[in-house]
Amino acid sequence: MPGRTATEQVGFGVLGPVAAWNSGGPLALAGPRQRAVLARLIVARRQVVPVPRLIDDLWEDPPERALGTVRTFVAALRKVLEPDRPHRAPARLLVTEGPGYVLRAAPDAVDAWRFEAAVGEARELPPRDALHRLDEALGLWRGPAYAEFADEEWARTERSRLAELRALAVERRAEASLALGGAADVVPDLDEHVTRYPWREDAWRLLALALYRTGRQGDALATLRRARATLADELGLDPGPGLRRLEADILAQDAALDPAAGPRPAALTTPPSGPAATASRLWSEAAASYDRTVEAGARARLESTVGLVRSLAVTGAGGLEAARRHRMAVVEAAEEYGDTELTARVIGAFDVPAIWTRGDDPELARQIVTAAERTLAHLPQDASGATRCRLLATVAVETRGARTPRGPEAAHEAERLARHLDDPALLAFALNGTFMQAFTRAGLAPRRDAIGAELVELSARHGLVTFEVLGHLIRLQAQSALGDFPAADAHAAAATRLAERHELPLVAIFTRWYDALRLAAAGEAARAETAMRVAAQQLDEAGMPGMRTGLLPLALVTLRLANRRRPDVDQTMDWGPHRPWAEALALAETARHAQARAALRALPEPPPDLLYEALCCVAAEAALRSGDRPALELVRARLLPAAGQVAGAGSGVLTAGPVDHWLARIADALA
């Protein structure tokens, strides 16, 4: 627009990954420290940040030339933010002032500032206008605030403040919608909201009120009981007067609970109706009958409990975490009876499909395997083959990602037994164990694809929904490794359809990461990086630390390697178990070749899991940069079986590019 200044034309986003844009589209921000400079200046809200403070915030142990490095970052940022500024003309946006720098962004240029203003304005608006204003405000969020800088002290207070404001906005939006008669519309959002913020009593109150107004009186009361239990467990507190008063009003069917406008809904004068209310009533009645009928110390209760724990594990992050907490306790309780077959049934009943090859709780896995092996050793001779098979499949699944002969051996024996017994559910569980042990070397994608194909066919024929989803996800991964992305797309779509139909929310975690992989494989690096950062933030809440830890930095580095760019290893990120590979590459990238070669010599073979080829490529890049011939020969031997495949894409989440490209680079270097 004519007459607009550069300052007015630039916008900034911090409600998610840090971003900047102008009228021409997104601006290409460089590496993580340059982004950190920009984010730190936005946090300061148009106040000067002294250079010494900036250095302390950027580095835990500042390098000797930190001052010059900060000046370099600022100069680069100015070129990005004001590309048309004449040479030697003073900056108008990122300004040097006194002892430091200040970002003179317009009051409406930063999404977080616009969000804060909108929430404040909505307080004074009538419900319909407030609802519209809050919808716009919440639509600005692309993920957690300052997403890349969750662990930085300088961002922590602002992140917390914005998260609190976002929670308040969700609740005010629900209030506005309730005032307009939209109770049914707000229930799903509020249900998710109380899961994320279980200590917010107003959120529980609004959810219970919304349920009541949709005719679900039983669910409203159940929600208030859940709030009471949650507050007691989490904070050791009783519900406040607002929740207690609402419970009393619901029990009395107080007319004051009805919307301000319109007649009293008929549903509120009659017993709850509809499928949700029916399900809630049946659950309560069946649970009460079970409590009355089945003796408190009966062994049947343990088997029923493990069935419930199994169901919890596929319902989402909260359920998955709860299942991990309770699983070993149930096994230990079974062992106390001294009944080996009961213990075997309890251990083997937890046949939850597993797709990621690194466990979420290694210590729990070790305990489960120990208990399963102990039970196998003491099973009577006449124990059923099915019991033995389930224990072996459990060992195969729980030893995933470890180089031990026991895992493949248990998987092979479990599959043999399952095929002999001709039990579809048992075979599906055994095939899951076989899949988990199919990562002993690179290039095994065709074998895993065959496992996935059998799982899909078997499960679809016998109604084993969760294992059918597993089969599609396995084929998604394998077809990605083989470079057949249209086929992988079809399996992603099939998994999504099943997940939506059968309420399996964790499937979306994998399909979101697959979307990022597709962008990376198509060469759309900028969009892929954004998608990966967003997927990583969503993964933070998924209750799967085995997948989350170290995944994002590895995905970003392999993305750069696939696009022939500098790796730009950020060692401040949480690399988890991949840190040794990151350190070797960082040393090579900064020309510390002798140290890099020493680090390469110390590297173990990558774990037998979905990231095997990706870590091989990181080691290859470090060896290429440091001229380490023995390391190159070793990594070539490891990658060679995967010739013709796409390195790392078998994970379904990231890629380092074609294996053939890496083999060619290694061959050229060795020549």
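The values are calculated or read from the model by the stated rules, or taken from the named source; none is laboratory data. Given the structure is predicted, the values throughout are model-derived calculations rather than measurements. Cβ placement follows ideal geometry from the backbone for every residue including glycine, while neighbour counts extend to all protein chains displayed. All accessible areas refer to the heavy atoms of the entire protein, side chains included, with ligands and DNA or RNA removed. Shrake-Rupley method; radii C 1.70, N 1.55, O 1.52, S 1.80 Å.
Here is a yes/no grid of residues against (1) open to solvent by 30 Å² or more (accessible area, probe 1.4 Å); (2) under 17 Å from Gly31 (Cα atoms):
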site	(1), (2)
Leu41	no, yes
Leu54	no, yes
Leu58	no, yes
Asp61	yes, no
Arg65	yes, no
Val74	no, yes
Glu82	no, no
Arg85	yes, no
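Considering region 312-329 alone, what residues qualify as being open to solvent by 20 Å² or more (accessible area, probe 1.4 Å), assigned to a loop (DSSP other than H, G, I, E, B) and closer than 30 Å to Glu613 by Cα?
Within region 312-329, Val314 is the sole residue that qualifies.
Just one of (1) in a loop (DSSP other than H, G, I, E, B); (2) more than 19 Å from the chain's Cα centre (by Cα) trips up Ala526, so point out which.
Condition (1) is where Ala526 drops out.
Mind counting the residues in region 209-223 that are assigned to a helix (DSSP H, G or I) and of a type in the set (Val, Ile, Thr)?
Summing the residues that are assigned to a helix (DSSP H, G or I) and of a type in the set (Val, Ile, Thr) in region 209-223 gives 1.
Scan Val314, Val294 and give me the residue that is modelled with pLDDT under 90, under 24 Å from the mean Cα position of the chain (by Cα) and among the aliphatic types (A, V, I, L, M). Show your work before the answer.
Working: Val294 fails: under 24 Å from the mean Cα position of the chain (by Cα).
Criteria check complete, one pass: Val314.
If the requirement is being closer than 30 Å to Gly31 by Cα and either modelled with pLDDT of 95 or more or open to solvent by 30 Å² or more (accessible area, probe 1.4 Å) (or both), which of these qualifies: Ala522, Ala536?
Going through Ala522, Ala536 in turn, the sole match is Ala522.
If you take the residues of region 17-46 that are β-branched (Val, Ile, Thr) and part of a helix (DSSP H, G or I), which of them is nearest to Trp154 (Cα to Cα)?
Checking each candidate, the answer is Val43.
Any idea how many residues of region 438-447 are open to solvent by 10 Å² or more (accessible area, probe 1.4 Å) and either under 25 Å from Val465 (Cβ atoms) or part of a helix (DSSP H, G or I) (or both)?
Qualifying residue count for the region: 2.
Quick one: which of Ala445, Ala371, Ala425 is of a type in the set (Gly, Ala, Ser) and within 28 Å of Pro604 (Cα to Cα)?
Being of a type in the set (Gly, Ala, Ser) and within 28 Å of Pro604 (Cα to Cα) holds for just one of Ala445, Ala371, Ala425, which is Ala445.
Among the residues of region 456-506, write down those that are under 20 Å from the mean Cα position of the chain (by Cα) and part of a loop (DSSP other than H, G, I, E, B).
Glu503, Leu504, Pro505, Leu506
Kindly indicate whether Ala76 is modelled with pLDDT of 90 or more, within 25 Å of Thr572 (Cβ to Cβ) and in a helix (DSSP H, G or I).
Numbers: modelled with pLDDT of 90 or more: no; within 25 Å of Thr572 (Cβ to Cβ): yes; in a helix (DSSP H, G or I): yes.
Considered against the rule, which asks whether it is modelled with pLDDT of 90 or more, within 25 Å of Thr572 (Cβ to Cβ) and in a helix (DSSP H, G or I), Ala76 comes out as no.
Condition (residue is open to solvent by 60 Å² or more (accessible area, probe 1.4 Å) and touching a Gly at 6+ places or on another chain (Cβ under 9 Å)) applied to region 212-225: is it met by at least one residue?
yes
Would you pick out the residues in region 136-150 that are assigned to a helix (DSSP H, G or I), modelled with pLDDT of 90 or more and open to solvent by less than 80 Å² (accessible area, probe 1.4 Å)?
Ala137, Leu138
Tell me, yes or no, whether region 151-158 has at least one residue that is modelled with pLDDT of 90 or more, assigned to a helix (DSSP H, G or I), out of contact with any strand residue (DSSP E or B) (no Cβ under 9 Å at 6 or more places or on another chain) and not acidic (Asp, Glu).
no
Only residues that are part of a helix (DSSP H, G or I), open to solvent by 20 Å² or more (accessible area, probe 1.4 Å) and either touching a helix residue (DSSP H, G or I) at 6+ places or on another chain (Cβ under 6 Å) or among the hydrophobic types (A, V, I, L, M, F, W, C) (or both): list them for region 196-208, please.
Glu201, Asp202, Arg205
Given Val110, Val119, which one is of a type in the set (Val, Ile, Thr), open to solvent by less than 10 Å² (accessible area, probe 1.4 Å) and under 30 Å from Ala91 (Cβ atoms)? Working first, answer last.
On the way: Val119 fails: under 30 Å from Ala91 (Cβ atoms).
After ruling out the rest, the residue left standing is Val110.
Take region 619-630 and flag every residue that is surrounded by 19 or more Cβ atoms within 10 Å (Cβ to Cβ) and outside any helix (DSSP H, G or I).
Answer for region 619-630, where residues must be surrounded by 19 or more Cβ atoms within 10 Å (Cβ to Cβ) and outside any helix (DSSP H, G or I): just Asp628.
Residue by residue through region 539-552, note down the ones that are open to solvent by 20 Å² or more (accessible area, probe 1.4 Å) and in a helix (DSSP H, G or I).
Passing the criteria: Asp540, Pro545, Arg548, Leu552.
Here's the yes/no breakdown for (1) hydrophobic (A, V, I, L, M, F, W, C); (2) at positive phi; (3) over 30 Å from the mean Cα position of the chain (by Cα):
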position: Ala402; (1), (2), (3): yes, no, no
position: Ala411; (1), (2), (3): yes, no, no
position: Arg416; (1), (2), (3): no, no, yes
position: His420; (1), (2), (3): no, no, yes
position: Leu427; (1), (2), (3): yes, no, no
position: Glu454; (1), (2), (3): no, no, no
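Between a first residue in region 376-396 that is over 16 Å from Glu409 (Cβ atoms) and polar (S, T, N, Q) and a second residue that is open to solvent by less than 20 Å² (accessible area, probe 1.4 Å) and not in a helix (DSSP H, G or I), which pairs have beta carbons less than 8 Å apart while being 6 or more apart in sequence or on different chains?
Final answer for the pair search is Thr387/Leu379.
Going by the structure shown, is Glu633 buried (at least 21 other Cβ atoms within 10 Å of the Cβ) and in a helix (DSSP H, G or I)? Steps first, answer last, please.
Details: buried (at least 21 other Cβ atoms within 10 Å of the Cβ): no; in a helix (DSSP H, G or I): yes.
No; evaluated as a whole, the condition is false for this residue.
Residue pairs, Cβ under 6 Å, 6 or more apart or interchain, first in region 193-214 and under 18 Å from Asp233 (Cβ atoms), second of a type in the set (Asp, Glu) and open to solvent by less than 50 Å² (accessible area, probe 1.4 Å). List them.
Here the result reads Ala203/Glu171, each pair linking region 193-214 to a residue that is of a type in the set (Asp, Glu) and open to solvent by less than 50 Å² (accessible area, probe 1.4 Å).
Condition first: touching a Leu at 6+ places or on another chain (Cβ under 6 Å) and not in a helix (DSSP H, G or I). Now tell me which residues in region 553-584 satisfy that.
Pro567, Val569
Within the bounds of region 567-578, is there any residue that is of a type in the set (A, V, I, L, M), surrounded by 16 or more Cβ atoms within 10 Å (Cβ to Cβ) and at pLDDT 95 or above? Talk me through it step by step, then tell me what you get.
Here is the first cut: in region 567-578, the ones of a type in the set (A, V, I, L, M) are 569, 573.
Now restrict to residues that are surrounded by 16 or more Cβ atoms within 10 Å (Cβ to Cβ): 569, 573.
If we keep only those that are at pLDDT 95 or above too, we end up with none.
Checked against the condition, which is being of a type in the set (A, V, I, L, M), surrounded by 16 or more Cβ atoms within 10 Å (Cβ to Cβ) and at pLDDT 95 or above, region 567-578 yields no hits at all.
Take residues that are more than 18 Å from His462 (Cβ to Cβ) and open to solvent by 30 Å² or more (accessible area, probe 1.4 Å) and tell me which of the helices (runs of 4 or more DSSP H) falling wholly in region 330-437 contain 1 or more. Full working, then the answer.
Working: elements: 340-348, 362-378, 385-398, 406-421, 424-436.
By residue number, 340-348, 362-378, 385-398, 406-421.
Can you tell me which residues in region 468-487 are more than 22 Å from His661 (Cα to Cα), open to solvent by less than 30 Å² (accessible area, probe 1.4 Å) and not β-branched (Val, Ile, Thr)?
Leu470, Gly471, His472, Leu473, Leu476, Ala487
In the list Thr558, Thr530, Thr549, which residue meets the criterion of being under 28 Å from Leu364 (Cα atoms) and among the β-branched types (Val, Ile, Thr)?
Matching residue, one of Thr558, Thr530, Thr549: Thr549.
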